[in-house]
Amino acid sequence: MNDKVLKTEAEWKQELTPEQFQVLRQKGTERAFTGRFWNHHEPGRYRCAGCGQELSSPRRSSTRVCGWPSFTAPAATNRVATQEDTRHFMRRTEVLCARCWWTPRACVSRRSGSDGLRYCINSAALDFEPENRSPKAENEKPAADAGSTSERDH
C-alpha cells in the first residue's frame with residue numbers, strides 16, 4: 001500500500017466520523033486517557049483509520065506512557081513520516097501516515113523501541129487488527145472456552 005491517497009476535504013469529511021476528521025485532517029487531538037484504544041492490550045497491529053495502511057509492527061506491549069495508544073516500531077520506515085510542530089508554544093513531533101498524510105498530534109517519547117522512540121497516536125486516527133486474524137477465523141463462531149479472557153479482564 002504505497003500509492004498516495006488523494007481526496008478532497010469534502011470526500012474525507014463524508015468518509016470519516018466527525019472526531020476522525022478533526023484529528024486526521026485538522027490536526028486536532030483527543031484528550032489523553034479517553035480514546036477507545038488508550039488502554040488496549042490485545043496483540044495485533046494498528047492501521048491508519050483514513051486509508052487502512054498498516055502503521056505498526058505486531059504490538060505486544062501494553063505499556064502506556066502518554067495516555068494514547070502507542071507502538072515502538074512502525075510496520076516499515078516508509079509507512080510513517082514525522083514533522084516538527086511548534087504550535088501552542090511547545091515543541092513536539094507529529095507522526096503522519098505516509099500514504100494519506102493525516103497529521104494527528106503525537107507525543108514521541110525517547111524511552112523505548114529499537115530506535116529509542118515510542119509512537120503515541122490518537123485512537124481516532126487508528127483502526128486495530130488483532131493478531132492471528134484470517135478470513136476463515138472471521139467467519140467462524142468462537143468456541144466456548146472456560147480459560148479464555150476478554151479485553152475487560154486485562
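The values are calculated or read from the model by the stated rules, or taken from the named source; none is laboratory data. Keep in mind the model is a prediction, meaning the values are calculated, not measured. Cβ sites come from the backbone with ideal geometry, for glycine too, and all protein chains shown count toward neighbours. We work out accessible area using only protein heavy atoms, side chains counted, and drop any ligands, DNA or RNA first. Shrake-Rupley method; radii C 1.70, N 1.55, O 1.52, S 1.80 Å.
Is at least one residue of region 53-63 in contact with an Asp or Glu (Cβ under 7 Å, 6 or more places away or on another chain) and open to solvent by less than 40 Å² (accessible area, probe 1.4 Å)?
no
Name the single residue that is nearest to the chain's Cα centre (by Cα) among those in region 1-22 being modelled with pLDDT of 90 or more and of a type in the set (A, V, I, L, M).
LEU16
Go through region 14-39 and give me each residue that's free of Cβ contacts under 8 Å to residues at least 40 places away in the same chain, within 16 Å of CYS100 (Cβ to Cβ) and surrounded by fewer than 16 Cβ atoms within 10 Å (Cβ to Cβ).
GLN14, GLU15, GLN26
So how many residues does region 1-56 have that are touching a strand residue (DSSP E or B) at 6+ places or on another chain (Cβ under 8 Å), among the acidic types (Asp, Glu) and part of a loop (DSSP other than H, G, I, E, B)?
Looking only at that region, the number is 1.
Just to be sure I understand, how many residues within region 38-48 are closer than 11 Å to GLU129 by Cα and touching a Phe, Trp or Tyr at 6+ places or on another chain (Cβ under 8 Å)?
6
Would you mention how many residues in region 66-123 are part of a loop (DSSP other than H, G, I, E, B), at pLDDT below 80 and in contact with a Leu (Cβ under 7 Å, 6 or more places away or on another chain)?
Summing the residues that are part of a loop (DSSP other than H, G, I, E, B), at pLDDT below 80 and in contact with a Leu (Cβ under 7 Å, 6 or more places away or on another chain) in region 66-123 gives 4.
Do the conditions hold for ALA98, that is, is it of a type in the set (A, V, I, L, M, F, W, C), closer than 13 Å to ALA124 by Cβ and open to solvent by less than 30 Å² (accessible area, probe 1.4 Å)?
On the way: of a type in the set (A, V, I, L, M, F, W, C): yes; closer than 13 Å to ALA124 by Cβ: no; open to solvent by less than 30 Å² (accessible area, probe 1.4 Å): yes.
Answer is no for this residue.
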